[in-house]
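The values are calculated or read from the model by the stated rules, or taken from the named source; none is laboratory data. Computed from a predicted structure; not experimentally measured. Cβ atoms come from the backbone with ideal geometry, glycine included; neighbour counts cover every protein chain shown. Remember, those area values only see protein heavy atoms, side chains included, never the ligands or the DNA or RNA. Shrake-Rupley method; radii C 1.70, N 1.55, O 1.52, S 1.80 Å.
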Amino acid sequence: MNRILVTGGAGFLGSHLCDRLIKDGHDVLCLDNFFTGSKQNIAHLIGKPNFELMRHDVTYPLSVEVDQIFNLACPASPIHYQLDPVQTTKTSVHGAINMLDLALRLKARVFQASTSEVYGDPEQHPQQESYWGRVNPIGPRSCYDEGKRCAETLYFDYHRQYNLDIKVVRIFNTYGPRMHPNDGRVVSNFIVQALKGEDITMYGTGSQTRSFCYVDDLIEGFVRMMATEKGVTGPINLGNPGEFTMLELAEKIIQLTGSKSKLVFMPLPTDDPKQRQPDITLAKENLGWQPKVNLEDGLKETIAYFKKLLAV
Ligand code: NAD
Ligand code: UDP
């Protein structure tokens with residue numbers, strides 16, 4: 001049993017991670033400033049003897065006693081991270097420094113939730129970890145992309161300089177229950193629109209691609225990465241290599257919800273990557289991990305969640 005800090009623990013991924021760690025018998029300290037997360041996501045854990053909730057902003061230093069740290073705090077959807085871009089960069093960069101300093105003092109293992117956005121709008125397809133990326137440093141997505149890139153730099157410098165035990169994963173688009181209904185990400189947007197019978201907002205032509213990983217698969221990858229021996233630092237891609245156009249995604253969601261919603265085409269956001277697909281060779285080799293849930297099954301679970309949430 002470990003004492004484990006999960007920053008961003010009341011968010012979409014963080015709350016699923018807390019569930020898993022509690023189930024595995026660990027003592028979990030869930031930390032969040034509730035910018036995009038909600039108490040609702042972890043309400044079922046409150047009152048359990050091995051679960052604690054703490055309101056804190058990772059941009060400020062923290063002093064707690066734990067054995068391991070999962071650093072997930074950071075808004076992940078473009079709408080949310082662009083609301084206060086300065087705070088987004090601070091969350092990634094100051095948040096990383098604060099968690100790394102904490103890990104250093106505690107001699108704790110520390111895990112960083114990085115992102116496929118470090119590859120930007122990639123020229124390499126599928127993306128391997130050795131690819132350095134193509135990121136605009138001054139665009140509206142840069143607060144997130146460059147913040148996460150700088151966080152990775154900090155992790156590897158703390159590792160090289162102080163021999164800190166780091167684990168860095170690059171997460172590709174992940175979906176599932178507890179996504180925020182208004183966070184603007186494509187899976188939640190399309191499902192909510194389909195269930196409400198509203199127009200489905202297709203940005204651009206819908207020919208851009210993404211690869212969608214179901215949340216349970218991703219969390220399994222997190223746990224396996226954290227359990228690797230000290231030399232395994234990453235970065236390691238975690239995602240589902242199944243690649244779909246946004247048109248294909250919309251069609252699937254319309255079919256699974258039985259919706260009569262129609263597509264409306266809207267302008268493509270600035271710097272929107274054209275394609276994204278993880279190369280997960282490293283995850284297979286190092287973690288013995290690969291996703292198990294196909295898009296249709298994952299969407300069914302997610303649709304059931306939103307149906308209940310929206311009571312439609
Ligand atoms: P989310 O927005 O649901 O969760 C982020 C959590 O961090 C929220 O609970 C939020 O309140 C909290 N938070 C934000 N700023 C904070 C701060 N300064 N101090 C403390 N807490 C703060 O997003 P998510 O999808 O669960 O993403 C979790 C992590 O995974 C993020 O770091 C994100 O960048 C990364 N990630 C997610 C995806 C994905 O597809 N979901 C893809 C790539 C990377
Ligand atoms: N997208 C869309 N309609 C929406 C929301 C998103 O067509 O209502 C597109 C978006 O332009 C992008 C893709 O879906 O090409 C994935 O967007 P998301 O914000 O979910 O993830 P990211 O762009 O960060 O990978």
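Filtered by the rule that a residue be of a type in the set (A, V, I, L, M) and within 13 Å of ligand 2 (Cβ to nearest atom), region 162-206 gives I171, M179, V186, V187, I191, V192, A194, I200, M202. Scanning region 169-198 for residues being open to solvent by less than 20 Å² (accessible area, probe 1.4 Å), over 29 Å from V232 (Cβ atoms) and hydrophobic (A, V, I, L, M, F, W, C) gives a total of 6.
Note on region 38-132: enclosed strands (runs of 3 or more DSSP E) holding 1 or more residues that are among the charged types (D, E, K, R) are 51-55, 109-115.
Residue by residue, here is whether (1) under 17 Å from the mean Cα position of the chain (by Cα); (2) within 13 Å of ligand 1 (Cβ to nearest atom); (3) over 30 Å from D27 (Cα atoms) holds:
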position	(1), (2), (3)
P61	no, yes, no
V66	no, no, no
A76	yes, yes, no
K90	no, yes, no
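Summed over region 277-312, the residues that are open to solvent by less than 20 Å² (accessible area, probe 1.4 Å) and in contact with a Pro (Cβ under 7 Å, 6 or more places away or on another chain) give a count of 4. Would you confirm whether or not region 247-265 contains a residue that is within 16 Å of ligand 1 (Cβ to nearest atom), within 29 Å of D145 (Cβ to Cβ) and open to solvent by 30 Å² or more (accessible area, probe 1.4 Å)? No, the conditions are met nowhere in region 247-265. The combined condition, being in contact with a strand residue (DSSP E or B) (Cβ under 6 Å, 6 or more places away or on another chain) and either under 26 Å from V223 (Cα atoms) or touching a residue at least 24 places away in the same chain (Cβ under 8 Å) (or both), is fulfilled by Y155. Of the listed requirements (1) in contact with a helix residue (DSSP H, G or I) (Cβ under 7 Å, 6 or more places away or on another chain); (2) away from ligand 2 (no atom under 16 Å from the Cβ); (3) open to solvent by 10 Å² or more (accessible area, probe 1.4 Å), G133 misses just one: (2). Mind checking whether some residue in region 137-152 is modelled with pLDDT of 95 or more, in a loop (DSSP other than H, G, I, E, B) and at positive phi? No, that holds for no residue.
Within region 173-210, the only residue that satisfies the criterion of being at pLDDT below 95, more than 10 Å from ligand 1 (Cβ to nearest atom) and assigned to a strand (DSSP E or B) is T209. Is it the case that region 216-226 has a residue that's at pLDDT 95 or above and either closer than 21 Å to D121 by Cα or not in a helix (DSSP H, G or I) (or both)? Checked against the condition, which is being at pLDDT 95 or above and either closer than 21 Å to D121 by Cα or not in a helix (DSSP H, G or I) (or both), region 216-226 yields no hits at all. Where the second residue is open to solvent by 10 Å² or more (accessible area, probe 1.4 Å) and not in a loop (DSSP other than H, G, I, E, B) and the first is under 10 Å from F111 (Cα atoms) and lies in region 224-238, which pairs have Cβ atoms under 7 Å and are six or more apart or on separate chains? Cβ pairs passing all conditions: M225/L287; M226/Q68; M226/R109; T233/H159.
From the residues in region 42-57 that are open to solvent by 20 Å² or more (accessible area, probe 1.4 Å) and within 28 Å of V93 (Cα to Cα), which one is farthest from ligand 1 (Cβ to nearest atom)? For region 42-57, the residue satisfying everything is E52. The lone criterion from (1) surrounded by fewer than 19 Cβ atoms within 10 Å (Cβ to Cβ); (2) closer than 27 Å to N182 by Cβ left unmet by L17 is number (1).
Considered as a group, the residues in region 26-37 that are within 18 Å of F12 (Cβ to Cβ), open to solvent by less than 90 Å² (accessible area, probe 1.4 Å) and not in a strand (DSSP E or B) include one that is nearest to ligand 2 (Cβ to nearest atom), and that residue is T36. Taking the numbered list (1) closer than 30 Å to V135 by Cα; (2) at pLDDT below 95 in turn, D279 passes all entries but (2). Taking every residue in region 251-272 that is in contact (Cβ under 8 Å) with a residue 40 or more places away in the chain and on the phi > 0 side of the Ramachandran plot and pairing it with any residue that is within 16 Å of ligand 1 (Cβ to nearest atom) and open to solvent by less than 50 Å² (accessible area, probe 1.4 Å), at least 6 positions away or on another chain, the pairs with Cβ-Cβ distances below 6 Å are D271/R141. Inspection of region 92-106 finds a residue satisfying the criterion of being among the polar types (S, T, N, Q), open to solvent by less than 10 Å² (accessible area, probe 1.4 Å) and either within 16 Å of ligand 2 (Cβ to nearest atom) or without any contact (Cβ under 8 Å) to a residue 60 or more places away in the chain (or both).
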